[in-house]
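Please treat every number below as a calculation from the coordinates, not as lab data. Values in this document were obtained by computation on a predicted structure and should not be read as measured data. Cβ: placed from backbone, ideal geometry, glycine included. Neighbour counts: every protein chain shown.
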Amino acid sequence: MGKTITEKIFDKHKIDDPFPGTAVLSLDVVMCHEITTPIAIADLEWRGKDRVFDASKIKAVIDHVTPSKDSKSAAQAKILRDWARRHGIKDFFDVGSNGVCHAIFPEKGFIRPGYTVIMGDSHTCTHGAFGAFAAGVGTTDLEVGILKGVCAFRPPESIRVDITGALPKGVYAKDVILEVIRRLTVNGATDRVIEFRGETVDAMSMEERMTLCNMAIEAGGTSGLCMPDRVTVDYLWPFISSDYNNNIDAAVKDFAGWRSDADASYAAVLMVDVSKLEPAATVGYKPDQVRPVKELGDVKIDQVYIGSCTNGRISDLRIAASVVKSALTNGKKLAPGVRGIVSPATPAIYRQALEEGLLAIFMDAGYCVANPTCGACLGMSTGVLAEGEICVSTTNRNFNGRMGKGGMVHLASPATAAASGIAGRLVNPREYL
Amino acid sequence: MKTFGGPVLFLDRSDINTDEIIPAKYLTESKKEALKPYLLEDLKLDGFDPAGSWRGHAKVVVTRANFGCGSSREHAPWALEVNDITCVIAESYARIFRQNMFNGGMPAVELSAGQIDEIFSLTNNGDVTCNIDITGKKLTFTSSSGITKRIDFNLSQFDNALVEAGGWVEFADARY
């Protein structure tokens, strides 16, 4: 019997199995942000164990509330900043160089196929796009990860999602993952990992694959994974070319060792044909409550948010900007009364969007271009909703109160969000493409 | 080892997420105790009052499936803990929340949907108290009208070791 990629990663990293059904893994990367790390740091100090297992394997960023909005968030940022300096953590990103963790860490080339990765953030599953086992954990797991470089897991079974068909016009990776979550439901992958497979995924860029894997947790999945291939190699090439003596084929062959075997076994297989998929949005307060936009009737909106670890990358901004540009050409801007906020997820994405003229397009249409931050997605800063307000958002959670107490969030693709901003209500993006 | 058991707070809904347990806007707090007033502030549940008489009284939560889904924030179990709620009994949990409970030395007990239904039916007979024998793995529910129900439960060896050790830091630090 062959092995899944997750089984291969567990085999390589297991350092202990203290009890049946429990595997303790060594960690290749431990990632930290200013919301869930400070209490781990304080606890380590309290225990007299203010140490890190390997400063080169720890990556840290201030991203959730940045630049700090008040004294409490400033104090959190300071705790992380002082700790990074104290322990010589070189890969630390502060104001001026910081961005959304699950966008900036891949961009810096920190994740490789076969890696084990944890972070005190549920969307850590994003990094599985590189063929890594990447899991969100709580502060205590993070604390032990920082101190010992290990983390315990129940070895998860795998769900294989076979995605086939060409994406229709106006349908994107975000619509695909919303469809997958709709079918799996919010706990359909709990204690399992999701492998995103099939010709549609093979044809996707790393950014699209990250959008898929990012929302694996919304179906309860421990991680989402894609098979490492030439696309993965090309993305990472600036960081790994010297490791492979500039021989791309050698890298592709090496990465292929992490792919699931053809005869690996799965807890479940889900077939998703995307060729007839419609642009989608969530309704209600659970991310599996997904409907085609065209069936939603007249949903008026107050705000559009384009950004986050799901859809704040350059390809997302290009798509949204193309929709906005087409509207501008027809003399249209953001609909009266609709606020538009775009937050490029990292400084590099921001700069790229600036140089390509995308930010000018957003600004011409009346958007506020915010700095890279997680802020609005979880109602912490930079776009919080008031009671009764409705937002079309490219983020990943539509929970009650998520973007502000009493607010309503409809999750959608950047194209749908941008088109809805122009129309002033939830609309299918096709007429703008 | 912590002690567990006492009056039960019933939350009759599946998929209660960690944003409902403790909203993100309070995550800038650097001390667990500061989370105390905000527990369950955004819970969407008919008839539930975040400031109700359960506050300062309940020691156990009984709820349905997929409790604690969403964010990884350990602030969710901490918000329970600083309100003296140190045990949750549910049909199932989100993985991270469940691990966070045990990592803090607090049991997240899993029972079948049928058993959870039976416990909920006790609420027809007044307030319910749960006695938890963590060593013997027995739950005893008693309603204020005197009806008693006993249920055995299981913990994995690892979960049990974490509860006995007082949490994952203690366990891992002694072993790795």
Calculated from backbone phi, Karplus (6.51, -1.76, 1.60) coupling profile of region A:79-91 in Hz, x at Gly/Pro: 4, 5, 4, 5, 5, 4, 5, 4, 9, x, 7, 6, 8
Candidates B:Thr129, B:Thr63, B:Thr28: whichever shows maximal mean-square fluctuation once chain B is modelled as a Gaussian network with Cα springs under 10 Å: B:Thr28
Computed E for B:Asp133/A:Ala360 - FRET, C-beta separation, R0 60 angstrom, nearest 0.05: 0.35
Sparse-neighbour loop sites [trypsin sites (Lys or Arg not before Pro); region A:298-396; at most 10 other C-beta within 10 Å; DSSP]: none
Amide proton proximity set for A:Gly340, modelled H, under 5 Å, gap of 5+: A:Val304, A:Cys368
Average Cα contact separation per residue, region A:146-206, under 8 Å, 6 or more apart, as relative contact order %: 57 percent
Amide H partners (placed H, <5 Å) of B:Leu111, local residues excluded: B:Ala90, B:Glu91
For region A:147-154, Karplus couplings with θ = phi - 60° (6.51, -1.76, 1.60), whole Hz, Gly/Pro x: 7, 10, x, 9, 8, 9, 9, 6
Principal axis box of region A:66-159, alpha-carbon based, largest edge first, Å: 44, 26, 24
Cα gyration tensor, region B:68-176 - rounded (a/c under 1.5), prolate or oblate: prolate
Contact order relative to length of chain A, as percent, for alpha carbon pairs under 8 angstrom and 6 or more apart: 17 percent
Filtered GluC sites (Glu not before Pro), region A:355-432: DSSP coil and at most 10 other beta carbons within 10 Å: A:Glu387
Other-chain or far-sequence residues with amide H under 5 Å of A:Phe93's (modelled H): A:Ala60, A:Val61, A:Ile62
The protein assembly as shown: calculated mean residue ellipticity at 222 nm from DSSP helix runs of at least 4, using -39500 (n - 2.57): -8500 deg cm²/dmol
Total charge dipole magnitude, region B:5-166, about the Cα centre, Cβ charges on Lys, Arg, Asp, Glu only, Debye to nearest 20: 200 debye
Most fluctuating residue given options A:Asp175, A:Asp63, A:Asp82, as computed from a GNM of chain A linking Cα atoms under 10 Å: A:Asp82
Proximal lysine pairs, region B:5-166, alpha carbons under 20 Å, eight or more residues apart or interchain: 10
Derived scalar couplings ³J(HN,Hα) [region A:34-41; Karplus, 6.51 cos²θ - 1.76 cosθ + 1.60; whole Hz; x for Gly, Pro]: 7, 8, 9, 8, x, 6, 5, 4
Of the chymotrypsin sites (Phe, Trp or Tyr not before Pro) in region A:238-323, those whose Cβ has at most 10 other Cβ within 10 Å and which sit in DSSP loop: none
Inter-part distance where region B:1-58 and region A:31-105 are each reduced to a Cα centre, Å: 27 Å
Relative contact order (percent, whole number), region A:251-334, Cα cutoff 8 Å, 6+ residue spacing: 12 percent
Cα-centred dipole magnitude for the protein assembly as shown, charges only on beta-carbon of K, R (+1) and D, E (-1), debye, nearest 20: 760 debye
Chain A: most fluctuating residue of A:Asp302, A:Asp288, A:Asp17 per GNM, C-alpha cutoff 10 Å: A:Asp17
